[in-house]
């Protein structure tokens, strides 16, 4: 299975840049994440001419109850679009374990229960796989851009791998200490540098795919631009997941 997939729903009407009213020096995407560090990292993967805006502080928590990664990404992106009027980008990630019928999947962040810690999630996973020989698993990240005209750009990044017998490494978060990517050298994500992890990770692949889509797309039409002079525009660098 390919590690990256891209598709577009309801493609936008293509018009020349001269036909469009200027909205800003750079085209902008509003990020659904409230983490300023992640905003800067995602911005570093966008092509030239694109800037990423942080999620407005006025936007409250978004309930992610769609039941799928794509659905949750859509909920988040459309909530930000509705609040700002500007094109919005959101992502959702799940860990799918073959021996557990694809779980935790969309419930990855709350695998051990609402309010659980990363350590709780890892402990539950290792317990569920105790004595299990098939430890194959994969991470899936879905990224969705919601455009003001109602269309969407969707990309997906995959990382195939397996679950380690014990926790290894100190970096990263989530299930990084127990996930060994097939494209690596036998180390877990948590034993890699950020650069090494970025090269093979699901989210790194997904956002690089999105960067390609944006670079090859006509300039976005923003009907009600959310102009912010604090738009993030940084040089590409390591992407921490």
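Checking residue 75 against (1) surrounded by fewer than 18 Cβ atoms within 10 Å (Cβ to Cβ); (2) modelled with pLDDT of 90 or more, which single condition isn't satisfied?
Only one criterion in (1) surrounded by fewer than 18 Cβ atoms within 10 Å (Cβ to Cβ); (2) modelled with pLDDT of 90 or more is unmet by residue 75, namely (1).
Could you please let me know if residue 114 is outside any strand (DSSP E or B), over 27 Å from residue 50 (Cα atoms) and at pLDDT 95 or above?
So residue 114 does not fit the description; no.
Among the residues of region 108-122, count how many are buried (at least 16 other Cβ atoms within 10 Å of the Cβ) and out of contact with any helix residue (DSSP H, G or I) (no Cβ under 7 Å at 6 or more places or on another chain).
Here the count works out to 5.
For residues in region 185-211 being assigned to a loop (DSSP other than H, G, I, E, B) and buried (at least 19 other Cβ atoms within 10 Å of the Cβ), which is modelled with the lowest pLDDT?
So, considering only residues that are assigned to a loop (DSSP other than H, G, I, E, B) and buried (at least 19 other Cβ atoms within 10 Å of the Cβ), the one modelled with the lowest pLDDT is 201.
Considering only residues that are farther than 15 Å from residue 168 by Cα, assigned to a helix (DSSP H, G or I) and either in contact (Cβ under 8 Å) with a residue 40 or more places away in the chain or more than 25 Å from the chain's Cα centre (by Cα) (or both), which ones fall in region 122-131?
127, 128
Within 30 Å of residue 216 (Cα to Cα) and in contact with a strand residue (DSSP E or B) (Cβ under 7 Å, 6 or more places away or on another chain) - does that describe any residue in region 121-139?
Yes, the conditions are met somewhere in region 121-139.
Report yes if residue 179 is buried (at least 20 other Cβ atoms within 10 Å of the Cβ), under 20 Å from the mean Cα position of the chain (by Cα), at pLDDT 95 or above and over 30 Å from residue 82 (Cα atoms), otherwise no.
yes
Regarding residue 55, is this residue in contact (Cβ under 8 Å) with a residue 24 or more places away in the chain, buried (at least 17 other Cβ atoms within 10 Å of the Cβ) and not in a helix (DSSP H, G or I)?
yes
The values are calculated or read from the model by the stated rules, or taken from the named source; none is laboratory data. Quantities reported herein were computed from a predicted structural model and do not represent experimental measurements. All Cβ positions, even for glycine, are placed from backbone atoms using ideal geometry, and neighbour counts span all protein chains on display.
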